[in-house]
1. Just to verify a result, which residue in the range 117-154, among those that are over 15 Å from the mean Cα position of the chain (by Cα) and among the charged types (D, E, K, R), is modelled with the highest pLDDT?
2. Quick check on my filter: what residues within the range 314-334 are modelled with pLDDT under 85 and either β-branched (Val, Ile, Thr) or not assigned by TED's automatic domain parsing to the domain that holds GLY95 (or both)?
3. Could you tell me whether any residue of the range 322-333 is surrounded by fewer than 14 Cβ atoms within 10 Å (Cβ to Cβ), out of contact with any helix residue (DSSP H, G or I) (no Cβ under 7 Å at 6 or more places or on another chain) and within 20 Å of ARG40 (Cα to Cα)?
4. Examine the range 87-107 for a residue that is hydroxyl-bearing (Ser, Thr, Tyr), outside any loop (DSSP other than H, G, I, E, B) and either more than 30 Å from VAL398 (Cα to Cα) or assigned by TED's automatic domain parsing to the domain that holds ASP45 (or both), and state whether such a residue exists.
5. What do you reckon, is LEU343 under 30 Å from MET144 (Cα atoms), buried (at least 20 other Cβ atoms within 10 Å of the Cβ) and among the aliphatic types (A, V, I, L, M)?
6. Could you check the range 282-328 and list, in sequence order, the residues that are within 30 Å of THR347 (Cα to Cα) and either among the β-branched types (Val, Ile, Thr) or in contact with a strand residue (DSSP E or B) (Cβ under 6 Å, 6 or more places away or on another chain) (or both)?
7. If you go through the range 299-329, how many residues are assigned to a loop (DSSP other than H, G, I, E, B), touching a residue at least 24 places away in the same chain (Cβ under 8 Å) and of a type outside the set (Gly, Ala, Ser)?
8. Go through the range 198-233 residue by residue and tally those that are within 48 Å of the chain's Cα centre (by Cα), crowded, with 18+ Cβ neighbours inside 10 Å and of a type outside the set (A, V, I, L, M).
Amino acid sequence: MRLESAFSASRGGLDSHGKAISVVGDNVANANTVGYKASRVEFADLMPLVPDEGISTRIPVGGGGVTIQRIRQIYEDGFYEFTGRTLDMAVDGNGFFMVGDAENLYLTRAGNFQISADGFLSNAEGKLVLGFSGSGTELGPIDMININQAGTPTTTAQISGNIDSASAVTTVPATPAKFSELQKAASFSASVDVYDSLGASHGIALYFFKTGVNEWTVQAYVDAGETGGEAGVPKQIGQAQIRYDTSGAVIGDATMNLQSTFTGAEPTSVAVDMANLTQMAATSQLSNVTRNGQALGGIQKYEALANGEIYAYTDSGTRILVGTVQLASVPNQDGLARAGSTLFVETELSGARTTGQPGTGGLGTLRGGSLEHSTVDISKEFVDLVLLQRGYQANSQVLNATNQLLRDTIMLMR
């Protein structure tokens with residue numbers, strides 16, 4: 001190996017260590033970038049192409065310097081911070097979010113999402129997050145706004161509680177003209193709210209009349225003004241008979257069918273189950289009322305579950321499935337290429353991606369209301385910076401020494 005080759009080796013050392021220092025700078029600069037994966041420089045030695053002329057190939061050949069073999073992303077999980085923001089999401093384990101579209105698809109671990117001007121879930125720079133909208137199964141943007149917020153009519157209701165067995169026997173009014181008449185005659189009264197086909201809420205008044213030993217008549221009334229009649233006048237929409245055994249439990253069927261047509265809505269039919277209404281020597285009261293159906297309401301907040309499902313909560317208290325985030329994985333993560341903005345693109349080395357719902361097929365789960373922070377370790381970067389700086393300085397000294405030796409050689413010829 002000629003002395004001049006030291007120039008090439010030291011130049012390669014300066015170049016490689018300089019680039020490595022820039023990688024450290026890139027890492028440090030992204031120490032607080034959401035979803036950022038730290039980079040690592042991997043050096044490789046160089047060998048001359050052929051041995052020097054006249055030198056036996058049996059003699060070991062000296063190296064030709066150093067080069068950067070690759071800059072590798074380290075795909076370890078960062079620490080997770082709970083932000084409380086409902087549109088923040090993080091992948092806990094294997095997998096990437098998919099953003100963009102079918103022609104220009106990117107992978108990312110940054111889950112600081114938002115809702116675009118068009119109402120779709122997107123990342124910070126506006127690329128759409130891919131998944132399933134609603135209960136669909138076609139991969140595409142997730143519509144966060146145009147969801148089914150229409151009212152759903154009530155069809156079933158269940159009431160639980162107790163009616164006082166010590167109540168006096170009463171007479172059921174034949175044609176009550178006012179609610180006050182029913183209230184005065186009844187042994188006990190309560191109310192149940194139901195929804196019509198338009199999502200409007202209606203209060204149903206229930207009146208309990210004790211007609212004999214362990215025997216009760218229950219009648220349901222609604223304000224006639226809500227069905228096109230005279231406001232304030234009670235209109236009967238249902239009646240049922242309840243019989244009890246000596247232990248206070250219901251005997252036989254205790255279902256009351258309510259039939260009514262509220263103004264502007266389709267006919268409403270509600271089956272009220274009263275099987276859990278006991279008759280004991282205690283105060284008459286309802287302990288629990290449940291019913292299906294929902295009112296029309298605007299979206300108040302969102303919630304992302306571990307399986308990727310996103311739900312919207314409306315101001316009417318209903319919970320609606322908005323969509324499901326889908327994740328992607330590749331056989332060789334080291335083959336992914338950086339595309340900026342914490343995005344990665346697939347290459348031939350990464351292999352073809354597979355997609356699926358979080359928590360299935362080896363994919364990680366979703367952390368709603370959380371973000372994955374950068375994997376950069378500042379203390380490690382500073383240690384690497386010192387080592388690379390020393391390497392750069394040492395190579396510059398080799399360059400200076402080689403220059404001095406060549407100068408001395410030239411001086412010998414004078």
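The values are calculated or read from the model by the stated rules, or taken from the named source; none is laboratory data. Since we're looking at a predicted model, the values are computed, not measured. Here Cβ is always computed from backbone atoms with ideal geometry, including for glycine, and neighbour counts include all displayed protein chains.
1. Among those residues, the one meeting the criterion is LYS127.
2. Across the range 314-334, the qualifying residues are THR314, THR318.
3. Yes, the range 322-333 contains at least one residue that is surrounded by fewer than 14 Cβ atoms within 10 Å (Cβ to Cβ), out of contact with any helix residue (DSSP H, G or I) (no Cβ under 7 Å at 6 or more places or on another chain) and within 20 Å of ARG40 (Cα to Cα).
4. Yes, the range 87-107 has at least one match.
5. Here the answer is yes, as LEU343 does meet what is asked.
6. ALA306, GLY308, GLU309, GLY323, THR324, VAL325, GLN326, ALA328
7. 4
8. 8
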